[in-house]
Amino acid sequence: MLKGRVHEVEGQGRNVFALFQAARLAGPVFWIVLAHDRDRPMPGSLPDGIAEHLYFIEARGETDLLWTVEEALRARPVSLVIAAPEKPISLTAGRRLQLAAEAGGTTGLMLIQEGRGSNAAETRWKCDPLPSPLDSTRHRWILNKNKRGTTGIHDVSWNGATAAVHLVPQAGERHQPEGPPR
């Protein structure tokens, strides 16, 4: 994810995606939620190293949430701002968030409901868990919007001990480059 930009993620695995992004960064991470929203990670259950630099902020309403996100994005020492709005993000609000992220050099990650994103978002991901009898961390991350590059599907698993994910190739994909034509 590009620094200084706001990205969006939807799907059942959006919190896991956000936690992975938080694990990759060393600086402060602000997770902004609506006060009545209980769909948030519990600090005691987080992988090692994340809870120490993760700060939760509760907003009373949607307007307060967007204002808080904007202010946190402008703060230079902040590495990542995560927020979970309930309502669709308007183009104006999305553009304000992008400008704030650029000003602060901070990455924003909006955890949205499907179809409630903003056209101003740099990227939009759809993240869902994949069934696996051996690995409970397998997810499918679909990059379905990218203003600066290609889109694609990535199956990943995360060992929780490091900020690395293991990309699992899609069935039928090559593992080696194609040889020269005959």
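The values are calculated or read from the model by the stated rules, or taken from the named source; none is laboratory data. Source: prediction; values computed, not measured. Don't worry about glycine lacking a Cβ; one is built from the backbone with ideal geometry, like all the others, and counts go over all protein chains shown.
The table for this structure:
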{"item": "Ala100 being over 21 Å from Glu10 (Cβ atoms), part of a helix (DSSP H, G or I) and modelled with pLDDT of 85 or more", "result": "yes"}
{"item": "Out of Leu73, Leu46, Leu65, sole residue that is at pLDDT 90 or above, touching a helix residue (DSSP H, G or I) at 6+ places or on another chain (Cβ under 8 Å) and not aromatic (Phe, Trp, Tyr)", "result": "Leu73"}
{"item": "Segment 19-32, subset modelled with pLDDT of 90 or more and within 14 Å of the chain's Cα centre (by Cα), residue surrounded by the most Cβ atoms within 10 Å (Cβ to Cβ)", "result": "Val29"}
{"item": "Any chance Thr92 is farther than 19 Å from Leu34 by Cα and in contact (Cβ under 8 Å) with a residue 12 or more places away in the chain", "result": "no"}
{"item": "Cβ-Cβ under 6 Å pairs, at least 6 apart or on other chains, segment 101-129 side surrounded by fewer than 23 Cβ atoms within 10 Å (Cβ to Cβ), far side part of a loop (DSSP other than H, G, I, E, B) and of a type in the set (Val, Ile, Thr)", "result": "Ser118/Ile89"}
{"item": "Some residue of segment 149-156 being modelled with pLDDT under 90 and under 27 Å from Glu70 (Cβ atoms)", "result": "yes"}
